[in-house]
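Notes for the one structure printed next.
The values are calculated or read from the model by the stated rules, or taken from the named source; none is laboratory data. Quantities reported herein were computed from a predicted structural model and do not represent experimental measurements. For neighbour counting, all protein chains shown are included, and Cβ atoms are generated from backbone atoms with ideal geometry for every residue, glycine included. These area figures cover heavy atoms from the full protein model, side chains too; ligands, DNA and RNA do not enter into them. Shrake-Rupley method; radii C 1.70, N 1.55, O 1.52, S 1.80 Å.
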Amino acid sequence: AEHEEAGGVPNQVRGRPSTALLKFPNFVSPCRLAEVGRLVEARDERYETGQLFLHRIFGYRGVILFPWTARVYDRDLHNPSKISSTGIGSTSSSSPQQQRTKESTLRVKASPSTSSTTPTAHGGDSTPSASAFQADAPSDSESSVGTASQVDPKEVRGKVQTFYQVLIDTRDCPHIRAQTEAVTFLGNQDSNRSLYAIPGLDYVAHEDIMPYSSSEKSPLQHELFDKFLTHAPESDPPFVGQDTLKAWQEKNHPWLDMSDVHKETTENVRVTVIPFYMGCRETPASSVYWWRYCIRLENLGELSVQLRERHWRIFSLSGTLETVRGRGVVGQEPILSPRLPAFQYSSHVSLQAPSGHMWGTFRLEREDGYSFDCKIPPFSLESKPDDLGPPTPATPPSRNDGDADKNKKRDDSD
């Protein structure tokens, strides 16, 4: 059996029983089952450092390093027609976790329509220039791309929710539909490497955590597991953070920190975007600000869909607007089926201004031949003070030497 059959959580596990024997294929042919551990009861309270878990969507094994608090802006909750048509609004708003969250407000002002800038088209591998975008109202021909004020002309309310920084078991990395080198950093100012990656890091929402226990002293395979965590049988969970983890978290907090999460659903396909500020790099002519963003597409319907094209609008505080079009994302045209409903990737964008916005659409084709534009929710690109020094790699330099060119290929606003 191909491992894609194990790309998610088995049906008998999805119900999150309080105690259940947990078995997953060990990825050899013929397929066998190997015991991983036992599921424990999920909870609404925050999980502790060292908690083992399965990812509810992607099915990989992981361990929690530390939590983040983020504001989640779900545009579906502000569009009654979407709530009634998809059925996800009432479910999301009635969860115990969201009922207890504090509300904050993201005000999205309608943008002026007096811009004289002209959008420029780019190919699939082109990088948006550091001059990116003026918040002008789109013309009729561009209305399908969307603007930051289409759902609500005044505001979108955000709810504070918990996410986690996690390590992914390296044995599962080749078999999941998510980039496992998605957490990238800028190299030093004088470094030849523009970007480097820390393999096997991810951000996971509280509701996607399926906790389990294991009697093994090293239940997870990752080169940072023993550097960051130590086995403590008397603790619950039986793994506690070392001083190296705390020091690494404090040093890299500005570059790892997540603050906003944006969600929107079109035709039963939900798009989630998480932007991250990466830092500023000086050039003789200007300052260039960098961001990475993680995008997850999830098919909530019963019919398979395939991502065919992307269409981005990138606005910069410098007063320019740029359009980027291309086939697929990160060189792929993923199919989202009921069996494998999700795909996650990351990309990068740079501006010659300290802030901006992005929004756009994905062109999707359903298995019955119907094609539609799936909205990418608008999200802000905000910079931070750059006086905290460069990020500290958690892996040996040799591990990152080969990542620069590979990651450069993703600097194309996928």
Provide the solvent-accessible area of ARG366, counting protein heavy atoms only and rolling a 1.4 Å probe, rounded to the nearest 10 Å². 60
Calculated FRET efficiency for the pair GLU302/ARG327, C-beta based, R₀ 30 Å, to 0.05: 0.70
Considering only protein heavy atoms, what per residue accessible area in square angstrom results for segment 264-369 with a 1.4 angstrom probe? 34
Note on segment 290-380: contact order normalised by length, alpha-carbon pairs under 8 Å, 6 or more apart, percent, works out to 37
Which whole-number percent is the relative contact order of segment 189-287 (Cα, under 8 Å, 6+ apart)? 16
Work out how much length ARG43 to SER259 would gain on full extension: take 0.36 nm times their residue separation and subtract the Cα-Cα distance, in nm to one decimal. 75.5 nm
J(HN,Hα) series, segment 364-373, from Karplus relation 6.51 cos²θ - 1.76 cosθ + 1.60, nearest Hz, glycine and proline x: 10, 10, 7, 5, 8, x, 6, 10, 7, 9
Around LEU195, which amide H atoms from residues at least 5 apart in sequence, or from another chain, sit under 5 Å from its own amide H, with H modelled in the peptide plane? GLY187
Check TYR212: other-chain or 5+ apart residues with amide H under 5 Å from its amide H, H built from backbone geometry? VAL40, LEU52, PHE53, LEU54
Which of the GluC sites (Glu not before Pro) found in segment 228-280 are loop residues per DSSP with 13 or fewer other Cβ atoms within 10 Å of their Cβ? GLU234
For segment 241-257 and segment 338-382, what is the separation of their C-alpha centers, rounded to whole Å? 30
Phi-based couplings in Hz for segment 280-288 (Karplus 6.51, -1.76, 1.60; Gly and Pro marked x): 10, 10, 8, 10, x, 9, 6, 9, 10
Show the residues, 5+ positions off or on another chain, whose built amide H is closer than 5 Å to the amide H of ASN268. none
Please list 3J(HN,Hα) in residue order for segment 291-304, calculated via the Karplus relation 6.51 cos²θ - 1.76 cosθ + 1.60 where θ = phi - 60°; whole Hz, with x for glycine and proline. 9, 10, 9, 9, 10, 10, 9, 9, 8, 9, x, 9, 9, 5
